1. State, as an integer percentage, the relative contact order of the range 1-134 based on alpha-carbon contacts under 8 Å between residues 6 or more apart.
2. Give LYS26/LYS78; LYS26/LYS169; LYS97/LYS121; LYS144/LYS191; LYS121/LYS185 a once-over and call out the pairs whose C-alpha atoms are over 29 Å from each other.
3. If you bin every alpha carbon distance in the chain into 20 Å steps from zero, what whole percent lands in each bin?
4. Find the all-direction average of the projected area of the Cα convex hull for the range 72-184, expressing the result in square nanometres with one decimal place.
5. From zero outward in steps of 5 Å, how is the percent of C-alpha pairs of the range 1-142 spread across the bins?
6. On the accessible surface of the chain, probed at 1.4 Å, how many percent belong to carbon and sulfur atoms?
7. Translational diffusion coefficient of the range 216-370 at 25 °C, 0.890 mPa s, Stokes-Einstein with Kirkwood Rh over Cα pairs, in µm²/s as a whole number.
8. Grab every C-alpha pair in the range 179-243, bin the distances at 10 angstrom width from 0 up to the longest one, and report whole percents.
Amino acid sequence: MAYQVLVLRGDGIGPEVVGEALQVLKVVARRSAIDIEFKDGLVGGHALDAHGTPLPDDVLKQAHDCDAILLGAVGGPKWDNPKAAQRPEQALLGLRKELGLFANVRPVKALKELLPASPLKPEVINGVDLVIVRELTGGLYYGKPSERRQAKSGREAVDTCFYSEEEIKRVVQFGFDLARERRKKLTSVDKANVLSSSRLWREIATEVGAEYQDVALEHQLVDSMAMHLVRRPRDFDVVVTENMFGDILTDEASVLVGSMGMLPSASLGADLNSAGFRIGMYEPIHGSAPDIAGRDEANPLAAILSAAMLLERSFGMRTEAELIERAVESVVHDGFRTRDLHGGPGTKVVGCKAMGRAVREKIESLEPES
């Protein structure tokens, strides 16, 4: 069968890093005789310029018809007007909501060769291997009302954090299922000492936890979790939390691996694709980095690792995904670094294209694991 992948390159460095990830996917597809058809679409700032909307209707239709989406970052200073009716980031919110992509999965794995790239002590982060599951279609980013208004006393604004029982239950269940595949420990993060939505979150997480007696459940307040994430990150396996908390904690977690350029992500829903796996949108967690766009300085490894997640989560191809992961770890071991990573003795700082080429060459040379 032929798999359909929608490629949305985005803005800033998005086209550069997605381009390298795409080339890696093509190498793996050829090597493993996988038939993948890639289709391009325009979203974000460039779509806003070309079509007057960050998410054109034809792209949304393509998204509904595909098996998976490979996405770059969107946005940049050109479109950074807080009063604008439409913003590039609305493309992401629209895709997540329209496709029902409620679970954002962000693995955080520290490579020993990159320990010097982190501001934390090596003995703190050595051996870190955790996954943060962020609820993606509810909470503060989608709740109504959300508006700015003029009152008698001056300007004011309101955002609403809303969660239903079903929204919380499905993402917590997802987290427990993932924990069963790993080290069987789940940490649920909330702010139950202050927020009503968090008290409901903790209540439902506890109820769901009773159905997973083989998985150890602990609760953490988000402020204490922010501290523990940098003090004792090795203690965590799967972390599940609501939308805004997850947005913040995953960026914090990037310091554990040395750079946002090393962190991939998958946004998954309940619907299945033509292969019988979850439809997903795969993207690096970093932004569009317009300051280095077009300069061949971006780190493509997070986008390449996102492509590996695509193969595993949406196509069920764990062997091919592991091949990409091994290739990335191998080129890092060989001393290849982009500008965002710590150089040091015995390393070679290269550009985006050279890093992508190194990964492709490594894939060609690696033997399949028995």
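The values are calculated or read from the model by the stated rules, or taken from the named source; none is laboratory data. Since the model is a prediction, treat every value here as computed from it, not as a measurement. Here Cβ is always computed from backbone atoms with ideal geometry, including for glycine, and neighbour counts include all displayed protein chains. All accessible areas refer to the heavy atoms of the entire protein, side chains included, with ligands and DNA or RNA removed. Shrake-Rupley method; radii C 1.70, N 1.55, O 1.52, S 1.80 Å.
1. Contact order relative to length: 26 percent.
2. LYS26/LYS78; LYS26/LYS169; LYS97/LYS121
3. That works out to 29, 60, 11, 0, in percent per bin.
4. Numbers: hull surface 46.2 nm².
Across all orientations, the range 72-184 yields a mean hull projection of 11.5 nm².
5. Final binned percentages: 2, 9, 14, 16, 17, 16, 13, 9, 5, 1, 0.
6. 50
7. 142
8. Reading the bins upward from 0: 22, 52, 25, 1.
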